[in-house]
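Each remark here refers to the structure printed beneath this line.
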Amino acid sequence: MDQQVAATEDLVFERDGDIGRIVFNRPQARNAFTFAMYERLADICRRANEDHSIKVLVLRGAGDKAFASGTDINQFREFKTPQDALDYENRIDRVLTVLEQCRVPTIAAINGFCTGGGAGIAAACDLRIGTRSTKIGFPIARTLGNCLSMSNVSRLTALIGAARVKDLIFTARLVEAAEAASVGLLTEVVEDIAALDRRADDVARLLAGHAPLTLNATKQAVARLQRRLTREEGEDLILMCYTSEDFREGLDAFLTKRAPQWRGQ
């Protein structure tokens with residue numbers, strides 16, 4: 001196998017011929033994302049846009065517990081001002097937009113937990129293959145008390161519909177594989193990690209052999225059908241949540257492993 005590897009400690013990018021493989025490499029933290037990992041992901045997508053020898057990107061998490069469990073909570077401890085909250089959501093929107101608009105097909109190979117920002121990454125991919133142990137959700141209503149950006153809500157609504165987005169976030173539940181496949185959160189489900197690796201590889205090689213302009217045109221056509229509200233249209237909602245006493249309470253409760261006491265303030 002012709003393999004070229006470029007790695008950081010927390011995110012690994014491998015070239016296997018015309019297939020690029022991105023591995024979220026923090027299994028000890030359920031592959032929670034640092035800000036540097038988000039930026040690295042965007043950089044790889046930009047590289048794929050420029051390097052036409054890359055035909056497909058496959059994304060997966062290291063270990064057997066999680067695809068990605070969202071943003072590392074410790075990143076939020078540095079928030080001091082309202083602008084910090086806006087900058088954070090702007091960063092996530094920018095990175096996920098780069099992923100979503102990447103020239104090549106993107107495949108999320110999902111095993112175990114896929115939550116928060118990890119679920120946002122999966123939703124921005126073109127195809128999502130899961131295993132029977134896959135659990136997907138945005139449990140923010142019972143963890144931090146923050147909110148999704150307008151872009152994330154728009155993307156999810158286009159994927160599964162407004163009613164299911166409300167159900168997913170209001171209940172803060174994690175959707176198991178069979179239901180996830182039935183509502184569109186997963187494209188298909190396989191038995192286990194070994195089957196996941198094989199299936200993701202088979203699909204990647206299939207797509208790598210197809211007409212790249214047809215695939216790219218289809219991606220762009222679908223994107224044009226999905227209206228995105230501007231970042232500014234959702235900033236009041238971000239500030240309402242991230243600058244609240246409830247967010248600080250949720251953050252402290254999460255880090256000290258206790259149940260948060262919500263006050264709606």
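Does any residue of the stretch 84-103 turn out to be modelled with pLDDT of 95 or more, closer than 15 Å to ILE193 by Cβ and under 10 Å from the mean Cα position of the chain (by Cα)?
Within the stretch 84-103, not a single residue is modelled with pLDDT of 95 or more, closer than 15 Å to ILE193 by Cβ and under 10 Å from the mean Cα position of the chain (by Cα).
For the stretch 103-110, does any single residue satisfy the condition of being surrounded by 23 or more Cβ atoms within 10 Å (Cβ to Cβ) and closer than 19 Å to SER182 by Cβ?
Yes, that holds for at least one residue.
Which of (1) within 26 Å of CYS102 (Cα to Cα); (2) buried (at least 18 other Cβ atoms within 10 Å of the Cβ) is the odd one out, the single condition LEU159 does not satisfy?
(2)
Filter the stretch 212-265 down to the residues that are polar (S, T, N, Q) and in a helix (DSSP H, G or I) and list them by number.
Residues satisfying the conditions are THR214, ASN216, THR218, GLN220.
Among the residues of the stretch 240-251, is any of a type in the set (Asp, Glu) and within 18 Å of the chain's Cα centre (by Cα)? I'd like the intermediate steps shown before the answer.
Within the stretch 240-251, the first condition is being of a type in the set (Asp, Glu), and the residues that meet it are 245-246, 249.
Subset that is within 18 Å of the chain's Cα centre (by Cα): none.
So far as the stretch 240-251 goes, no, none of its residues is of a type in the set (Asp, Glu) and within 18 Å of the chain's Cα centre (by Cα).
Quick one: in the stretch 11-38, which of the residues that are aromatic (Phe, Trp, Tyr) and touching a Gly at 6+ places or on another chain (Cβ under 9 Å) is nearest to THR115 (Cα to Cα)? So that I can check it myself, show each step before the final result.
Of the stretch 11-38, the ones aromatic (Phe, Trp, Tyr) are 13, 24, 33, 35, 38.
If we keep only those that are touching a Gly at 6+ places or on another chain (Cβ under 9 Å) as well, we get 13, 24, 33, 38.
Values: PHE13: 22, PHE24: 14, PHE33: 11, TYR38: 15 Å.
Filtering first and then ranking leaves PHE33.
Scan the stretch 40-68 and report the pairs whose first residue is within 17 Å of VAL104 (Cβ to Cβ) and whose second residue is modelled with pLDDT of 95 or more and hydroxyl-bearing (Ser, Thr, Tyr), with Cβ atoms within less than 9 Å and a gap of 6+ or a chain change.
The qualifying pairs are CYS45/THR106; ALA48/THR106; VAL56/THR106; LEU57/THR106; VAL58/THR106; LEU59/THR106.
Give all pairs with beta carbons closer than 7 Å in which a residue from the stretch 142-154 that is under 13 Å from VAL165 (Cα atoms) meets a residue that is acidic (Asp, Glu) and at pLDDT below 90; count only pairs at least 6 apart in sequence or on separate chains.
Note: pairs meeting the criteria are MET150/GLU233.
Matching residues to (1) over 19 Å from ARG205 (Cα atoms); (2) crowded, with 16+ Cβ neighbours inside 10 Å; (3) modelled with pLDDT of 95 or more:
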position: ALA6; (1), (2), (3): yes, no, no
position: VAL23; (1), (2), (3): no, yes, yes
position: TYR38; (1), (2), (3): yes, yes, yes
position: LEU41; (1), (2), (3): yes, yes, yes
position: ALA48; (1), (2), (3): no, yes, yes
position: ALA62; (1), (2), (3): yes, yes, yes
position: PHE67; (1), (2), (3): yes, yes, yes
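This table checks each residue for (1) modelled with pLDDT under 95; (2) within 20 Å of ASP64 (Cβ to Cβ); (3) not charged (D, E, K, R).
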{"site": "THR115", "(1), (2), (3)": "no, yes, yes"}
{"site": "THR143", "(1), (2), (3)": "yes, no, yes"}
{"site": "ARG155", "(1), (2), (3)": "yes, no, no"}
{"site": "LEU174", "(1), (2), (3)": "no, yes, yes"}
{"site": "VAL189", "(1), (2), (3)": "no, yes, yes"}
{"site": "ASP192", "(1), (2), (3)": "no, yes, no"}
{"site": "ARG205", "(1), (2), (3)": "no, no, no"}
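Hey, can you tell me all the residues within the stretch 165-205 that are part of a helix (DSSP H, G or I), buried (at least 17 other Cβ atoms within 10 Å of the Cβ) and free of Cβ contacts under 8 Å to residues at least 60 places away in the same chain?
Matches in the stretch 165-205: VAL165, LEU168, ILE169, ALA177, ALA180, ALA181.
I'd like the residue in the stretch 125-156 that is within 11 Å of the chain's Cα centre (by Cα) and surrounded by 24 or more Cβ atoms within 10 Å (Cβ to Cβ) and, out of all such residues, is farthest from GLN261 (Cα to Cα).
ARG128
The values are calculated or read from the model by the stated rules, or taken from the named source; none is laboratory data. Just so we're clear, the structure is a prediction, and the values are computed from it rather than from any experiment. In this analysis, Cβ positions are derived from the backbone assuming ideal geometry, glycine residues included, and neighbour counts consider all displayed protein chains.
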